[in-house]
1. Of the residues 133, 114, only one is surrounded by 10 or more Cβ atoms within 10 Å (Cβ to Cβ), in contact (Cβ under 8 Å) with a residue 12 or more places away in the chain, closer than 29 Å to residue 41 by Cβ and in contact with a Leu (Cβ under 9 Å, 6 or more places away or on another chain); which?
2. So which residues in the range 35-56 are of a type in the set (Gly, Ala, Ser) and buried (at least 18 other Cβ atoms within 10 Å of the Cβ), if there are any at all?
3. Given the condition closer than 18 Å to residue 97 by Cβ, of a type in the set (A, V, I, L, M) and part of a helix (DSSP H, G or I), answer yes or no: does some residue in the range 47-62 qualify?
4. What number goes with the only condition from (1) over 15 Å from the mean Cα position of the chain (by Cα); (2) outside the structural domain of residue 4 (by TED's automatic domain parsing) that residue 100 does not pass?
5. Which one of these does residue 41 not meet: (1) without any contact (Cβ under 8 Å) to a residue 12 or more places away in the chain; (2) part of a helix (DSSP H, G or I)?
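The values are calculated or read from the model by the stated rules, or taken from the named source; none is laboratory data. Owing to the predicted nature of the structure, the values given are computational and were not obtained by experimental measurement. No Cβ is skipped: glycine too gets one built from the backbone with ideal geometry, and neighbour counts run over all protein chains shown.
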Amino acid sequence: MLRVILDGIVVGLVTGLVGAGGGFLVVPALTLLGGLPMPIAVGTSLVVIALKSFAGLAGYLSTVSIDWGLAIAVTVAAVAGSVLGGRLAGRVPADLLRRAFDWFVVVMGVFVLAQQLPTEWGLAVAAVGALAAAGTVTVAAVRRRRRERHRGQQRLGRAVRRHAGSGVGR
């Protein structure tokens, strides 16, 4: 629990410094440090985001003019997307959700980093990030094919041994 609280403080500091929402940091912290399953980590993260959003709104209400029409439109769209995502999440394997979310965090991190650098450096970071992602995806695909081929060879070996032990063909 202490590690999760410490990570919450770090996430709060990072999001306060860079102005990014902390949801993409809270979910990995809850799954890796808290040991929560992905669906529970996502739900917990959403509660944390809602509470942080209310706190942020309260802090800015007296100093910033808010375009309430835009805020309501974005809120309605976000709620609709959340309801749809919640219904789809039950149909998608948790491992696939976790891997997709991991890639989303990496891509967004490279994108944000590339935006903060001068144009030529930003393009270089984006290109290196894209190459690294493509290489990682390729390595994962090769490993998956090798595992599948190995499993196929194991099944074939078992079938041959079963056939040889049955006395058929003697």
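1. Among 133, 114, only 114 is surrounded by 10 or more Cβ atoms within 10 Å (Cβ to Cβ), in contact (Cβ under 8 Å) with a residue 12 or more places away in the chain, closer than 29 Å to residue 41 by Cβ and in contact with a Leu (Cβ under 9 Å, 6 or more places away or on another chain).
2. If the condition is that a residue be of a type in the set (Gly, Ala, Ser) and buried (at least 18 other Cβ atoms within 10 Å of the Cβ), then 41, 45 are the ones that fit.
3. Keep residues of the range 47-62 that are closer than 18 Å to residue 97 by Cβ, which gives 49.
Filter once more, keeping what is of a type in the set (A, V, I, L, M): 49.
Narrowing further to those that are part of a helix (DSSP H, G or I): 49.
Among the residues of the range 47-62, at least one is closer than 18 Å to residue 97 by Cβ, of a type in the set (A, V, I, L, M) and part of a helix (DSSP H, G or I), which makes the answer yes.
4. (1)
5. All conditions pass for residue 41, except number (1).
Yes or no, residue by residue, for (1) of a type in the set (A, V, I, L, M, F, W, C); (2) modelled with pLDDT under 80; (3) in contact with a strand residue (DSSP E or B) (Cβ under 8 Å, 6 or more places away or on another chain):
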position: 32; (1), (2), (3): yes, yes, no
position: 36; (1), (2), (3): yes, no, no
position: 41; (1), (2), (3): yes, no, no
position: 46; (1), (2), (3): yes, no, no
position: 51; (1), (2), (3): yes, no, no
position: 56; (1), (2), (3): no, yes, no
position: 61; (1), (2), (3): yes, no, no
position: 65; (1), (2), (3): no, no, no
position: 68; (1), (2), (3): yes, no, no
